[in-house]
Each structure stands twice: as structure tokens, then as C-alpha cells.
1. Being within 19 Å of VAL163 (Cβ to Cβ) and free of Cβ contacts under 8 Å to residues at least 24 places away in the same chain narrows it down to one residue among ILE87, ILE61; which is it?
2. Just to be sure I understand, how many residues within segment 228-255 are assigned to a helix (DSSP H, G or I) and farther than 13 Å from GLY48 by Cβ?
3. Keeping to segment 215-255, report how many residues are surrounded by fewer than 16 Cβ atoms within 10 Å (Cβ to Cβ), closer than 21 Å to ALA192 by Cα and not acidic (Asp, Glu).
4. When you go through THR56, THR100, THR125 one by one, which is the residue that is closer than 24 Å to PHE165 by Cβ, under 19 Å from the mean Cα position of the chain (by Cα) and not acidic (Asp, Glu)?
5. Among residues belonging to segment 147-160 that are of a type in the set (Gly, Ala, Ser) and either surrounded by 22 or more Cβ atoms within 10 Å (Cβ to Cβ) or touching a Ser or Thr at 6+ places or on another chain (Cβ under 6 Å) (or both), point out the one that is farthest from ALA130 (Cα to Cα).
6. Identify, please: which residue in segment 115-132 is closer than 16 Å to ASP105 by Cα and of a type in the set (A, V, I, L, M) and is, among those, modelled with the lowest pLDDT?
7. Take ILE191 and decide whether it is more than 26 Å from VAL15 (Cβ to Cβ), in contact (Cβ under 8 Å) with a residue 24 or more places away in the chain and assigned by TED's automatic domain parsing to the domain that holds ILE87.
8. I'd like to verify a number: residues in segment 166-208 that are in a helix (DSSP H, G or I) and more than 17 Å from GLN98 (Cβ to Cβ), how many?
Amino acid sequence: MGDGTIKDYSPQNNVIVELERIKKAYDREILKIDKLELRKGQIYGIIGPSGAGKSTLLRIINLLTPPSTGNYYFHGETVAINNRDIISIQRKMGMVFQKTILFSDSVWNNIAYGLKARGYSRDETNGRVAKLIDWLGLRDLAKRRAETLSGGEAQRVAIARAVAFDPELLLLDEPTANLDPFNIELIENMIATLNREKSITVVIVTHNVFQARRIADQVIFIDQGAIVEMGSTEKIFSEPDHEKTRLYVEGKVIS
């Protein structure tokens, strides 16, 4: 969507995605985002109560769900949401859902799938998968069948598959929901490593405010479809500007 313009971003801004006056409505309006910028190399934690619109926002960022109105910019250029060109942008993003979906095949082949689909040669695919498996500590799982994995193991493989082609953005929708503390720590370490060593921008939706505090550089607090407050993790948790934010991060009921 948009007015056909190209925004002039200076390189130092490093803005990858910008949303402007985005709305999403079905029988009612469920999302209203006046402005949101996602910059290279940051980890963004999206928090908020159930039904606040967190997952809808993530799907709009990934261009899986079209907004009802508003402008979407990728590296400053307007994206026509209904255009086939969105596929080229989606290929620069990796997305992992709460419910892991893996193919009934080996871990190795699951990670290789996206590379093969993008036309990588067999040698390059095998080289990338081998390096990624070693780097992310998945060597002991490489030959396992996906259906034999635990929930935490499957989610780690799903993240590896999502980043095999070096996306600019990694979008995670409740990736550690219902996992034990051991696997939560492993996945959080994976996220931090990918961000630190590959400069992958990460956007993670989480119901766990403690998780957001542990791993996010910037926190986005959403309530009733709107961004109530966005800022550095330290500020959001120590000196939030809004009372709603303070109540939420303290685990209290908001209305």
C-alpha cells in the first residue's frame, strides 16, 4: 500500500521496515499503528495482553496479512501489498511460529529445504547447513527425524531453518511458549547469537515480560491494537512514560 513515493533514508538510520498509519480491521478494528520503524541489528520485544494485536502486527510486518489501510516501506521504498513483488521481500525475512511445523524428514533436510527452494546449489546448500548446524550446536540432531524431536529441539531447528539464508529480519511469534526453562535458555541464546554475530534484526512476540527484559534492546508495548509505548528495554522497565506500561510490566491488571 502507499502513495508511490520513495523515502529518503540516510544510511546511518538503518531502517529496514517502516509502518505508517497502518490499520487492520475485520468486523472491528483490531490494529492501529501510527508509526513503527525497525532498524538493522536490533532485537525488538513485542509485549502486551492477550488479544492486543501482537501476532497480527508480526504477520503484517512479514506481509502475510495485508493491512486494511496504511503505508508499508521496505528500505524506504513503498511496498504495494497486493503486488507479487512482496515475495522478494518476504524472502529477506525468516518467520517462526509458536506451533512448529517441520517436514517429516531429517533435521538436516529440514534446514536445507529453504535453501533448495531459493535455488542454492547442492554444494552451497550442504556447506551452509553444515556450518549452521555446527555454529548453533545442532550437530547431535542432524540425522534425527523431525517427528522424534522434543518441542524445544523442534523449535531450535525451525529457527535454524529460518536463518539458513541469512535473512535481514527474523520474526518470532511466541517461540518459547510452553517450553521448559532449559530450552527457553537455549533458544534465547540462539537469538542473541544470531543478532550479535550476523546482525540479524529480531522481532519477538512474547507474553513473558521477563523474556523481553532479558533479550530485547527495544520493547514495544501494545494494548487494544495500538502502541502504547516503545523505548529501550531499560526505560520501559525502569521509567516508563505511561501508567499502563508500568502496570503491565509489573504484572498487574490493566484496563
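The values are calculated or read from the model by the stated rules, or taken from the named source; none is laboratory data. Everything quoted here is computed from the prediction, not taken from an experiment. FYI the Cβ positions are ideal-geometry reconstructions off the backbone, even for glycines, and counts take in every protein chain you see.
1. Details: ILE61 fails: free of Cβ contacts under 8 Å to residues at least 24 places away in the same chain.
Only one candidate qualifies: ILE87.
2. Number satisfying all stated conditions: 7.
3. Residues in segment 215-255 being surrounded by fewer than 16 Cβ atoms within 10 Å (Cβ to Cβ), closer than 21 Å to ALA192 by Cα and not acidic (Asp, Glu): 2 in total.
4. Numbers: THR56 fails: closer than 24 Å to PHE165 by Cβ; THR125 fails: under 19 Å from the mean Cα position of the chain (by Cα).
Going through THR56, THR100, THR125 in turn, the sole match is THR100.
5. Our first condition is that a residue be of a type in the set (Gly, Ala, Ser); within segment 147-160, this holds for 150-152, 154, 158, 160.
Narrowing further to those that are either surrounded by 22 or more Cβ atoms within 10 Å (Cβ to Cβ) or touching a Ser or Thr at 6+ places or on another chain (Cβ under 6 Å) (or both): 154, 158, 160.
Details: ALA154: 18, ALA158: 15, ALA160: 11 Å.
Across segment 147-160, the extreme among qualifying residues is ALA154.
6. ALA117
7. Judged against the criteria, ILE191 is not a match.
8. Matching residues across segment 166-208 total 11.
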